[in-house]
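The values are calculated or read from the model by the stated rules, or taken from the named source; none is laboratory data. Since the structure is predicted, the reported quantities are computational estimates derived from the model, not experimental observations. Don't worry about glycine lacking a Cβ; one is built from the backbone with ideal geometry, like all the others, and counts go over all protein chains shown. The accessibility values were calculated without ligands, DNA or RNA, using every heavy atom of the protein model including side chains. Shrake-Rupley method; radii C 1.70, N 1.55, O 1.52, S 1.80 Å.
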Amino acid sequence: MSSEELQALELLGRVRYGRLATSMRALPFLSVARHVVIDGHVVLRMHSGFGYHNACDGTVVAYGADNFDTAAQGAGNDLWAVQFTGTAEIVRPSADRRELFGAGPARVNGEPFDPAYLRIEPHFVSVHTLDFNASQTIGHTA
């Protein structure tokens, strides 16, 4: 595993949610997902009621996460974003691995939350950092 892949996995472990991007019926879409890193793979948990996991199974997807919300709240961190691109596969993690995700939401769009899991085999990984204080006022002149 490259140093960039290791850095991306380490950064991903600092946040709980990201965005899954792929296409469904030839149209692009994004979906929020909870993630954990298991054995060098990104494993996602999402609501099965939308069918997004079925659309992603066996296809190339992108998954991205960042710390923009916490850095913007003045946590003093530099901004970073990671993206993993690779093939997604529906998986059924063992009970102990499902526990790594923590509690899920009670409902999603009014429906009971029914989890589905995807594993991404990363083929391309990128890390982008913005090295500045996000709490600085931009465009302010005295």
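Scan segment 38-49 residue by residue and report those that are among the hydrophobic types (A, V, I, L, M, F, W, C) and crowded, with 17+ Cβ neighbours inside 10 Å. Give the steps one after another, and end with the answer.
First, the residues of segment 38-49 that are among the hydrophobic types (A, V, I, L, M, F, W, C): 38, 42-44, 46.
Residues satisfying the conditions are VAL42, VAL43, LEU44, MET46.
With respect to ALA88, is the statement that it is exposed (fewer than 11 other Cβ atoms within 10 Å of the Cβ), out of contact with any Gly (no Cβ under 7 Å at 6 or more places or on another chain), modelled with pLDDT of 95 or more and among the aliphatic types (A, V, I, L, M) true? Spelling it out, it is not the case that ALA88 is exposed (fewer than 11 other Cβ atoms within 10 Å of the Cβ), out of contact with any Gly (no Cβ under 7 Å at 6 or more places or on another chain), modelled with pLDDT of 95 or more and among the aliphatic types (A, V, I, L, M).
Restricting attention to segment 94-110, does a residue exist that is modelled with pLDDT of 95 or more and within 14 Å of PRO122 (Cβ to Cβ)? Scanning segment 94-110, I find no residue that is modelled with pLDDT of 95 or more and within 14 Å of PRO122 (Cβ to Cβ), so the answer is no. Could you grab me the full set of residues in segment 38-72 that are out of contact with any Asp or Glu (no Cβ under 9 Å at 6 or more places or on another chain), of a type in the set (Ser, Thr, Tyr) and either modelled with pLDDT of 95 or more or closer than 15 Å to GLU89 by Cα (or both)? Across segment 38-72, the qualifying residues are TYR52, THR59, TYR63. Within segment 19-37, is there a residue that is surrounded by fewer than 17 Cβ atoms within 10 Å (Cβ to Cβ), modelled with pLDDT of 95 or more, under 28 Å from LEU130 (Cβ atoms) and touching a Leu at 6+ places or on another chain (Cβ under 8 Å)? Within segment 19-37, one or more residues are surrounded by fewer than 17 Cβ atoms within 10 Å (Cβ to Cβ), modelled with pLDDT of 95 or more, under 28 Å from LEU130 (Cβ atoms) and touching a Leu at 6+ places or on another chain (Cβ under 8 Å). State whether the residues of segment 59-79 include one that is of a type in the set (A, V, I, L, M), open to solvent by less than 20 Å² (accessible area, probe 1.4 Å), touching a residue at least 60 places away in the same chain (Cβ under 8 Å) and over 16 Å from PHE124 (Cβ atoms). The answer is yes, given that some residue of segment 59-79 is of a type in the set (A, V, I, L, M), open to solvent by less than 20 Å² (accessible area, probe 1.4 Å), touching a residue at least 60 places away in the same chain (Cβ under 8 Å) and over 16 Å from PHE124 (Cβ atoms).
Taking segment 90-123 as the range and being in contact (Cβ under 8 Å) with a residue 24 or more places away in the chain, of a type in the set (Asp, Glu) and not in a loop (DSSP other than H, G, I, E, B) as the test, the residues that pass are GLU111, GLU121.
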